[in-house]
Amino acid sequence: MTGSKTRTALLAGAMLAATLGAASAQPLTVVELFTSQGCSSCPPANANLIKVKDQPGVLALSFNVTYWDYLGWKDTFGRKEFTDRQVTYEPSLGHDGPFTPQVVVNGRSDGVGAAPGEIQSLIAQSEIAQSEINKGRAQGPELSLGQGKVSIGAGKAPGGGADIWLVRYNRGVVEVPVARGENTGRTLPHANVVHALTKLGSWNGEATTLPLPAASGGLSTAVLVQAPGGGPILAAAAN
């Protein structure tokens, strides 16, 4: 009886370890919030991103855009390349042009992100979709960061190859007082603010290793392997 109980306990432990291992091996869900300090509709979406930023398996990023700067407040984190990234997404997502707030999940689906629980719902939907993709053996390449390099495994790349993006972001929450524009007098929280976006190169399906420049200013690093033209994110890793 004791031996049977021991075997049962060992089996249960092995099954738990396998489950935990499978969970840790799941790809990151990339949640991009396009936001602006000059947009009065954005604070609820900012708050929703804060709620999911520490969720296991989620890479939450705030990209501040520039097209609301004309209202009298120049976004302190806004960059043209972030606006360009959002604009590139819109045709494949079925939109005529950019808007804020907008949440894009894994480059495949989007929403406004301002309603309670909306970002969490988008994440759940994306994870279900990713599970179906994995059943079809179309999952992205293995991707890892370490020892000053980016390592990408072999796999099936889109026609023309995939883009490799380097993202530098400030992990955590920062509060920004806004003195002019639609949010005059408010202090707005931002989660995981992106400060730089750089294309490192391309991935053509072969195993690839690229040098990873050292981060400065205490910024964290993420790397995205993404189909070109605002296509799906095939793999993501962060340190």
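Structure data summary
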{"read-out": "Dipole axis of the chain (+1 Lys, Arg; -1 Asp, Glu on Cβ), positive-most option in P213, Q86, V176", "value": "P213"}
{"read-out": "Long-range amide H partners of V150 with built H, under 5 Å", "value": "L210, L212"}
{"read-out": "Angle in degrees between helix 80-93 and the longest Cα principal axis of the chain, rounded to the nearest 10", "value": "60 degrees"}
{"read-out": "³J(HN,Hα), Karplus 6.51/-1.76/1.60, whole Hz, each residue of segment 187-197, x for Gly, Pro", "value": "10, 9, x, 10, 10, 6, 5, 7, 10, 8, 9"}
{"read-out": "Rounded percent of accessible protein surface that carbon and sulfur make up, segment 79-182, 1.4 Å probe", "value": "51 percent"}
{"read-out": "Cβ-Cβ FRET estimate between V173 and T209, R0 fixed at 45 Å, reported to 0.05", "value": "0.85"}
{"read-out": "Dipole magnitude of segment 45-132 about its Cα centre (Cβ charges: Lys, Arg +1; Asp, Glu -1), debye to nearest 20", "value": "240 debye"}
{"read-out": "Space enclosed by the convex hull of the alpha-carbon atoms of segment 122-239, per residue, Å³", "value": "139 Å³"}
{"read-out": "Cross-link pairs K74/K149; K53/K149; K53/K156 - those with Cα-Cα distance over 32 Å", "value": "K74/K149"}
{"read-out": "Cβ-Cβ FRET estimate between K80 and L219, R0 fixed at 25 Å, reported to 0.05", "value": "0.85"}
{"read-out": "Estimated distance in nm for a label pair at K156 and Q125, the labels positioned 7 Å out from Cα along Cα-to-Cβ", "value": "2.5 nm"}
{"read-out": "Qualifying trypsin sites (Lys or Arg not before Pro) for segment 179-239 [loop in DSSP, other Cβ within 10 Å: at most 15]", "value": "R180, R186"}
{"read-out": "Cα pair distances in the chain, grouped into 5 Å bins until the bin that holds the longest one, percent each", "value": "1, 6, 13, 17, 18, 15, 11, 7, 4, 3, 2, 1, 1, 0, 0, 0"}
{"read-out": "Accessible area per residue, Å², segment 26-164 with all protein chains present, probe 1.4 Å", "value": "46 Å²"}
{"read-out": "Helix-only mean residue ellipticity at 222 nm for the chain, each DSSP H run of n ≥ 4 adding -39500 (n - 2.57), per residue, nearest 500", "value": "-9000 deg cm²/dmol"}
{"read-out": "Within the chain: Cβ-based charge dipole about Cα centre, in debye rounded to nearest 20 (Lys, Arg +1; Asp, Glu -1)", "value": "660 debye"}
{"read-out": "At R0 = 25 Å, FRET efficiency that the Cβ-Cβ distance of E142 and D96 yields, to 0.05", "value": "0.10"}
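The values are calculated or read from the model by the stated rules, or taken from the named source; none is laboratory data. Predicted, not measured: the structure shown is a model, and the values here were computed from it. Counting neighbours? That spans all protein chains shown, and the Cβs are built from the backbone with ideal geometry, glycine included. When the accessible area is computed, the model is the full protein with side chains, heavy atoms only, and any ligands, DNA or RNA have been set aside. Shrake-Rupley method; radii C 1.70, N 1.55, O 1.52, S 1.80 Å.
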